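> Sharing a structure with you now.
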Amino acid sequence: MIKNYLKTAWRNLWKNKVFSAINILGLALGMACSILILLWVQNERNVDAFHKNGHDLYQAYEKRYFDSRIDAQYNTPGLLGAELKKDIPEIKYAASCGWDDEKTFKAGGKILKISGRAADSDFFKMFSFHLLEGNAHNALNTPASLALSHKMAIAFFGSPQAAMGKTIRYDNRVELSVTAVFEDVGANSSIKFDYLVNWGQFLKDNAWLKDWGSYGPNTYVQLRADAKPDIVAKKLSHFLDLFDKNQKKGTFTEELRLQPFNETYLHNNFKNGLIEGGRIEYVRLFSIIAFFILLIACINFMNLTTARSLKRAREIGVRKVIGAVRGVLIRQFLGESILLAVIAVVISLGLLVIFLPLFNNITQRQIGLPFNDVGFWLKLLLIAVFTGSLSGCYPALFLSSFNPVNVLKGIVRFGTGATWFRKGLVVFQFVLSVVLIIGTIIIANQINYIQSVNLGYNRENLVYIPLEGELGSKYQVFKQEALEMPGIQSITRISQTPTAIQNSTAGVNWDGKDPNVKVQFTQAWIGYDFVPTMKLQMAAGRDFSKDFATDSAGYIINETALKKIGYSNPVGKPFTLWGKKGKIIGVVKDFHFTSLHDPINPLVLHYGETGGYGSALIRTLPGKTKEALATLQTLCRELNSDFQFTYSFSDEEYKKLYDNEQMVSKLSGGFAFLAIFICCLGLLGLAIFTAEQRTKEIGIRKVMGASVRSLFTLLSWEFLTLVFISFIIASPIAWYAMNKWLQNYAYHTKIEWWLFLFAGLIVILITLVTVSFQTAKAALANPVKSLRSE
């Protein structure tokens, strides 16, 4: 019996080649797209899932009440990890971990710049980063300890075994000894590093982190197996009260909280002091899109199968007369649907092989097809069964309900309910597609806004060079000689790059400030010529100048800071930072120094022409950047021979702030195209079927004098009406969803009415192109042949 069903199903598919091809292609595309997204979702959810102690690992974060608002951050004091382990018995291990930092290493005549971090000695005891050489208990137990990645050990010493015990010069300042070699950190870890130095060395290099009022590192803890997280949370809530004396109840308070470490990668945004959103929003978004695209493909199958049901009416009638019960017919039609879905899965695997490299390039992932994983094949089978069952359930119920007497008499017509249901499915398809198209247009519009918005400074022809090694102490020589070179317009320096000025402090004061109010100021030190090099605009006063010796105690604030301070004539007024009294010498017009996700915060710039670190900012002449970089490389090698010459462009660093948005834009555009393409496949099938069913009507109308134009309009209008209804329904849904998405940005574009009109015109045009060939073919057909065939 099963063999007979399969034979019947295959014959039916082969007999209706066009409709079978449309169904299979639509399902295959929908499946390929959904499987791609599900592989990415699985990859995202597997990040940090490899740690054996994962269920006991937590990351500390601070919830802060200040300046009449609530905020939270992962940045913590540098001494926190050690104190937590000492004072909280439920904490088995604790590790402070520094930010990703690129440093220069020298050994055996080789000089390489490597990205890595600093970490406490408990780090390898807590996290399951595999050690190829050394052990977790002494890998980072002395200030001179250094752990290398496998590739770093190969680069310097040829093998992990040869690296052990060897000395390597760190940042051209200190000799470190290799005490461990770990396996290269994979893409499934949210903590990236190619080296780890001991935390004691890091605190020595960054003495300011020993102040409990300074923040920057991350702190991780591992609870004992018998510890109760809720009890630990209560102990930690006011733990900082013992150390940070800047707190004052009602004006500035801090609470220490814990978040399960395996949640931090996806849930890492804060709103009003609470964890809300993060990458999980993209995971949810694309999971929904995957389901909807598969649903669109299933709807195609339902529509085309029910539309073609008249072709199988006689078969069903005969089967019922000879004894086939409805349940048997339902199983048969569901079996045919599942068979078609299995064929679609096979084709989708071929599509996956083709599109996976492009998908990996967009998402910056290395996702592979796990052909050796039995679970993967089981999931594919489940997708085939689910898709086949979902697609075939309604057609199976509909076809099996035919009355055999009416069928054999030739009396088979679609009821009003079936017709409206089919049209409703088409509308639903296009609602989803229109929402995707409108969303894609608005996302692209926001990205265009990001790239073209006036940041308050000119990011073109602006180069950053890190002031490391001797280049920091020889900055004055570097600046003087560089300005004499061709292609260089101006040079200044800054403690942090202009796209990521993030260090903040509440240690500010001014005349008239309410002593009970703590205000957070972002701060950075800068050198001479900062304003002209950045091409900023002054609202009042001036830039730092070597002509004024007192500028070493001067401050430049931005307009947002001035609003907080409240001075009417700020230039010359007193201002204090970290207890250092001085005067405001200028007010710079607001400029963006972080992502557009964040509002412009109060900013204070203080004197740093003789600072020991940071970056040099070089403004090159238009068209002369390549020439300028060549001369700068030569100069840096002369002044700083033990360090590689590295640089970055301001506009490229700015674009990196929006990598996620770029990914969403490209993927949503691709998915919108696939969704509308699958919908159009369904429309094409329905257009073919409609033309076949109305052959006699068209012939009669032509004989009665109907023009080709009127017939084309008649046949197209039904589809255009459904698309128009879809657009009316989709527009408010798209507006609500995208307006909510734009709220993630403190500065964003407006949702203009013409965006919806543009999306509507695109869909209408695509619909016309899809159905025009079949409708035109039917309208141009010879009426004599069509009537004779009847």
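> Report the one residue of Tyr61, Val47, Gly81 whose Cα lies farthest in the direction of the positive end of the charge dipole of region 46-107 (charges on C-beta: Lys and Arg +1, Asp and Glu -1; origin at the Cα centre).
Gly81
> Starting at the first residue of region 564-572, write each ³J(HN,Hα) from the Karplus equation 6.51 cos²θ - 1.76 cosθ + 1.60 with θ = phi - 60°, in whole Hz, x for Gly and Pro.
5, 6, x, 5, 7, 10, x, 5, x
> Using 0.36 nm times the number of residues separating Ala49 and Asn454, minus their current alpha carbon distance, what extension gain do you get?
Taking Ala49 through Asn454 to full extension adds about 141.7 nm, to one decimal.
> Taking only Cα atoms of region 46-90, what ratio of Rg to Rh do you get with Rh as the Kirkwood inverse-distance radius?
1.08
> What is the calculated FRET efficiency for Cys393 to Asp659, with r their C-beta to C-beta distance and R₀ = 41 Å, to the nearest 0.05?
0.50
> For region 468-557, what ratio Rg/Rh do Cα atoms give with a Kirkwood hydrodynamic radius?
Ratio of gyration radius to Kirkwood radius for region 468-557: 1.02.
> Relative contact order for region 166-283 using alpha-carbon pairs under 8 Å, separation at least 6, rounded to a whole percent?
11 percent
> Antiparallel DSSP bridges in region 97-197: what percent, to the nearest 5?
Expressed as a percentage, antiparallel bridges in region 97-197 total about 75.
> Kindly give the semi-axes, whole Å and largest first, of the ellipsoid equivalent to region 135-238, taking each as the square root of 5 times a Cα gyration tensor eigenvalue.
30, 19, 12
> Here's something else I'd like to know. Need one number for region 551-687: average projected area of the convex hull over its C-alpha atoms, nm².
The number I arrive at for region 551-687 is 16.0 nm².
> Once you have the Cα-Cα distance between Ile762 and Ser707, take 0.36 nm times their residue separation minus that, and quote the gain in nm to one decimal.
Result: 17.1 nm gained on full extension.
> Rounded to the nearest 0.05, what FRET efficiency do Ala162 and Lys192 have when you use their Cβ-Cβ distance and R0 = 22 Å?
0.35
> Multiply the residue separation of Tyr647 and His238 by 0.36 nm, subtract the distance between their alpha-carbon atoms, and state the gained length in nm to one decimal.
Result for the pair: 142.9 nm of gain on full extension.
> Can you tell me what percent of all Cα-Cα pairs in region 493-636 are more than 27 Å apart?
Roughly 23 percent, rounded to a whole number.
> With a 1.4 Å probe and every protein chain left in place, work out the accessible area per residue of region 547-688 in Å², rounded to a whole number.
Using a 1.4 Å probe on heavy atoms only, each residue of region 547-688 averages 43 Å².
> Taking every pair of alpha-carbon atoms in region 521-587, give the share separated by more than 15 Å as a whole percent.
Here the long-distance tail beyond 15 Å is 50 percent of all Cα pairs in region 521-587.
> Return the FRET efficiency for the residue pair Val477, Asn75: r is the Cβ-Cβ distance, R0 is 45 Å, and the value is rounded to the nearest 0.05.
About 0.80, to the nearest 0.05.
> Reachable aspartates and glutamates from Lys63, Cα under 15 Å, same-chain residues fewer than 8 places away excluded?
Qualifying aspartates and glutamates at Cα under 15 Å: Asp71, Asp241, Asp244, Glu254, Glu255, Glu276.
> Extending each Cα 7 Å along its Cβ direction at Glu718 and Trp754, get the distance between those two points in nm, one decimal.
Each label point lies 7 Å from its Cα, and together they span 3.7 nm.
> Calculate what fraction, in whole %, of the accessible area of region 512-556 sits on carbon and sulfur atoms when a 1.4 Å probe is rolled over the protein chains.
50 percent
> Averaged over all directions, how much area does the convex hull of the C-alpha atoms of region 111-180 cover when projected, in nm²?
So the mean shadow area of the Cα hull is 4.4 nm².
The values are calculated or read from the model by the stated rules, or taken from the named source; none is laboratory data. Fair warning: this is a prediction, and the values are worked out from it, not measured in the lab. A quick note on method: Cβ atoms are made from the backbone with ideal geometry, for glycine too, and the neighbour counts reach across all protein chains shown. Just the protein is used for accessible areas: all its heavy atoms, side chains included, with ligands, DNA and RNA removed. Shrake-Rupley method; radii C 1.70, N 1.55, O 1.52, S 1.80 Å.
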